[in-house]
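Have a look at the structure below before the remarks.
The values are calculated or read from the model by the stated rules, or taken from the named source; none is laboratory data. These figures come from a predicted structure and were not determined experimentally. As a convention, Cβ positions derive from the backbone with ideal geometry for all residues, glycine included, and neighbour counts pool all protein chains shown. Accessible surface is based on the protein model in full, side chains and every heavy atom, while ligands, DNA and RNA are left aside. Shrake-Rupley method; radii C 1.70, N 1.55, O 1.52, S 1.80 Å.
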Amino acid sequence: MYKYLDKIKSPSDVKSLSRAELNNLSAELRQFLISSVSQTGGHLASNLGVVELTLAIFRAFDLPQDKVVWDVGHQTYVHKILTGRRDRFSTLRKLGGLSGFPKTSESEYDAFNTGHSSTSISAALGMMKAKRLKGEEGFVTCVIGDGALTGGMAYEALDAAGAEKENFIVILNDNEMSISKNVGSLSKYLTRLRSKPTYFRFKTELERQFMKIPRVGRATVKFLKRIKDTFRHLLTPKNMFENLGFTYLGPINGHDVKAVAHVLETAKMIKGPVLVHVVTKKGKGYELAENMPTEYHGVSARKKSAECCGSMFKSYSEAFGSALVKIAEKNEKICAVTAAMLEGTGLKEFSQNYPDRFFDVAIAEQHAVTFAAGLAKEGLKPVFVVYSSFLQRAYDQVLHDVCLQNLNVVLCIDRAGLVGEDGETHQGIFDISFLSHMPNMTVLSPCNFDELEEMLVYATSVHKGPVAIRYPRGNMDFVYENPSPFELCKADVITKGKDAAIVFSGHMGKIAKEAYDILKEKGKQITLINLRTLYPLDENHIKEILKDTDVVLSLEDGVKRGSIGELLVSILKDTGKKVIIKAHNNGIVQHGSAKELYKISSMNAEKIADDILSKIGE
C-alpha cells in the first residue's frame, strides 16, 4: 500500500534514502498518521510536525546503541512506526496495545519513559554520564520543545549540562507551540533568534567559500574560524545557550531531512554540549492541523474535519470556565492562573473577558502555585486551574508556600481520576492522597455541573485558606433529584436503606447508582451518600449518617493508600461496621478506556454489588 514506508523495517533503513525518497517517505508517514490516528485518537499535530526531524535523527544516529530521549513523548508516533510497531498502530492507546508515549518495555528503541514535560535533558545527561562511567560508546541526545523549555527543570538541566566536557546534544524542536500558543519572554527570545538571519547567511556563505580552498591546512582552518567568530560576534552577540556553555547550531529548517541530519553529524564532532535549534511547523502537511494546532494537538477517534472539533455535550472544563466567568463578574478580586493550558482548562472566555486578571505562566506549575500564593498574600483570590497529574509537580509549593501560610488559594483540579487512554503518566489518581495530608487544606469533589458551580462560589467567596476542587475529564453523567444545598463537611444522603451504604465521591456517583440499582433489584435497601467534602471529614456527621447500616462501601477515583476510604475505616473502627474500600490498588494504571480500567480495579457496578452482597451475607 505504501511504496516507501513498506520498505522501512528499522531506523537503519532510512540512512541510504535519497532526498526524493525521503520526501516521498515523509508524505506517506503523514498519510498513515492522519488515517490511523483519526481511528484510534491521539496526538496528531505534534507528530505531523516531527516527521522529517525523526528521519534526520535516524540518519545521524545509530539506534538503539545511540539513545534518544523525547521530552513529553507524545510526538513519538513516527519513531514508533519506524521501529517495528507500525503493524500494531491500530491498538494505539487501547488496553493492552501501544502506549501513546515512549515505553522501554515496548521496544529497545525507546530509551526512557516520558509523559510530562521538561524532563528530557536531565534524563539524557544522566544516561550519557552513565555510559561514560561504564566505558560504553555511543551518543545520547534529547529532543525538547520550546514549550517544554519553559519548565524550570529544563533550566536546571541546561545549567548542569553546560559545564560538561563530554559531547552531549540537545535538539530544540521549536514550533512556537506547547498545547496552546507559547507565552512569556522565552518564546519572544526564540522568535528573535528565528528572525535574525544576518549572521546565519554570513556563516553559510563563509563556509561555502572555505570548501572552495583546496587542501586547507589545520592552522588555516583555525585562522579562518577565528575570523568567522570575530565577524560573528560583531554581527550578533552570544545567545543564551552559548552563555550557558553550549555550542549553538541553528536555527535550521526542521522539515529538510538532509539539512538537519548534516547539522546533527556536525554536532557529533563537537567536544562539549551542543544545542541544535530546529524550527518546525506543528500539524505540518495537514491543513486543518496547521491552521488549528491547538484543536488538533490531541484528537478523538474518527475526528476528520473542523466540524468535529467541538462536542455536542458540555465538558467539566467548559462548565467550570463558564461558572468562573459568571462569578468573577461580581468579584473583582478573582484571578485565574494557568500553566499553558488555556483552552484545555476552559479559561479562554475568562481570558477574553478579564485579561488583566488572567495569567498564563507557561509550563511552570511550581511557579504557578507560588505565584498564586503571592496574589493571595496581597488579598486577591487566585484560582489555579491545572490537570491533576500536572499538579503533582508542584507538591512542595502547595505544601510550603500555600498550606503552611494558610493562604486563600483555590486549586481547580481538572482531569481528576482516570483519564483513560493517555495512560499511567496522566491518570489523576494521586491528588486526594497527597492533598488530604496537608495542613489547612480542604478537598471538595462535585458529582455534577451544578455542584461544581456551588463549590466554586463557596471557594472564592466564603472559604478561608487553601481549597481544592477536583473534577473529571469529559462530560457530566450523574444527576439526582432534590439535592441539598452544598455545605462544607456535610454529605448529601440521597437514599436511606438498612442493608448497606455506598459512600461515593464526585463522578463515581454514576457507578454507585448503577450498583444501587443492581442491589435494589435483589431486594436490598441501600443508603447512597454523596460525600462532597473529601477532607476534612466531620467524624460525628459520618457516624450519624451511617449509624443504621453495618456494611459500608467507599468508592473514589484515587489510589487506595491514603484514600478517603482509609479515613472512613479509621473513623468507624470502634463501631463494628464492615468497610469495603473501592479505589485503585496500584498507582500504575495502564492505558485503556476508563470503563475497562475501572473493571480491572474492581470498581465496576457488578463487582461492587457482589462485594456488598458477600459482606451482607457474612
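Below, the figures for the structure above:
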read-out: Anchor K520: aspartates and glutamates whose Cα lies under 13 Å away (excluding residues fewer than 8 positions away in-chain); value: D499, E606, D610
read-out: Label-to-label distance, nm, for residues given as I600 and S105 (7 Å Cα→Cβ offset); value: 0.9 nm
read-out: Where D396, D66, D13 fall by accessible area, highest first, once all protein chains stay in place (1.4 Å); value: D396, D13, D66
read-out: Spatially proximal lysines relative to K281 (Cα-Cα < 16 Å; intrachain offsets below 8 disregarded); value: K181
read-out: Accessible area (Å², 1.4 Å probe, nearest 10) - K510; value: 80 Å²
read-out: For the chain, size of Cβ-based charge dipole, Lys and Arg +1, Asp and Glu -1, in debye; value: 2540 debye
read-out: Angle in degrees between helix 316-330 and the longest Cα principal axis of the chain, rounded to the nearest 10; value: 80 degrees
read-out: Listed residues D548, D87, D146 arranged by accessible area, highest first, probe 1.4 Å; value: D87, D548, D146
read-out: Inter-part distance where segment 1-37 and segment 426-445 are each reduced to a Cα centre, Å; value: 46 Å
read-out: Among Y598, I571, V551 - extreme Cα towards positive end, dipole of the chain, charges at beta-carbon; value: Y598
read-out: At 0.890 mPa s and 25 °C, Stokes diffusion of segment 434-524 via Kirkwood alpha-carbon radius, µm² per second; value: 167 µm²/s
read-out: Members of K282/K314; K513/K595; K15/K165 lying beyond 19 Å, as alpha-carbon distances in this model show; value: K282/K314; K15/K165
read-out: From the C-alpha gyration tensor of segment 343-433, square roots of 5λ in Å; value: 22, 18, 10
read-out: Radius of gyration and maximum dimension Dmax of the chain, Cα, Å; value: 27.2, 96
read-out: Probe 1.4 Å - accessible area at D110, Å² to nearest ten; value: 10 Å²
read-out: Among L519, V69, S10 the positive-end extreme of the charge dipole of the chain (Cβ point charges); value: S10
read-out: Per-peptide average of other Cβ atoms within 10 Å, ordering 6-12, 598-604 highest first; value: 598-604, 6-12
read-out: Degrees, to the nearest 10: 19-40 long Cα axis against longest axis of the chain; value: 0 degrees
read-out: Within segment 461-552, percent of DSSP bridges classed antiparallel, to nearest 5; value: 35 percent
read-out: Those aspartates and glutamates that a straight Cα-Cα span of less than 12 Å connects to K80, excepting residues fewer than 8 apart in one chain; value: E106, E108, D110
read-out: Cα convex hull of segment 429-584, projected area averaged across orientations, nm²; value: 8.9 nm²
read-out: Mean Cα-pair separation over length for the chain, i.e. relative contact order, pairs under 8 Å, 6 or more apart, %; value: 12 percent
read-out: Percent RCO, i.e. relative contact order, over segment 401-444, from Cα pairs under 8 Å lying at least 6 residues apart; value: 36 percent
read-out: DSSP bridge pairs, the chain: antiparallel proportion in percent, nearest 5; value: 15 percent
read-out: Neighbourhood charge, 15 Å Cβ-Cβ cut-off, centred on D548 and excluding it, Lys, Arg +1 and Asp, Glu -1; value: +4
read-out: S315 - accessible surface, heavy atoms, 1.4 Å probe, Å² rounded to 10; value: 20 Å²
read-out: Beta bridge orientation in segment 487-599: antiparallel %, DSSP, nearest 5; value: 15 percent
read-out: Accessible surface, 1.4 Å probe, highest first, among residues E52, E137; value: E137, E52
read-out: Residue pairs, from the table K381/K577; K543/K607; K333/K496; K94/K284, whose Cα atoms sit over 32 Å apart; value: K381/K577; K333/K496
read-out: Relative contact order of segment 106-165, pairs being alpha-carbon contacts under 8 Å that are 6 or more residues apart, as %; value: 41 percent
read-out: Net charge, G145 excluded, C-beta distance under 9 Å - Lys, Arg +1, Asp, Glu -1; value: -3
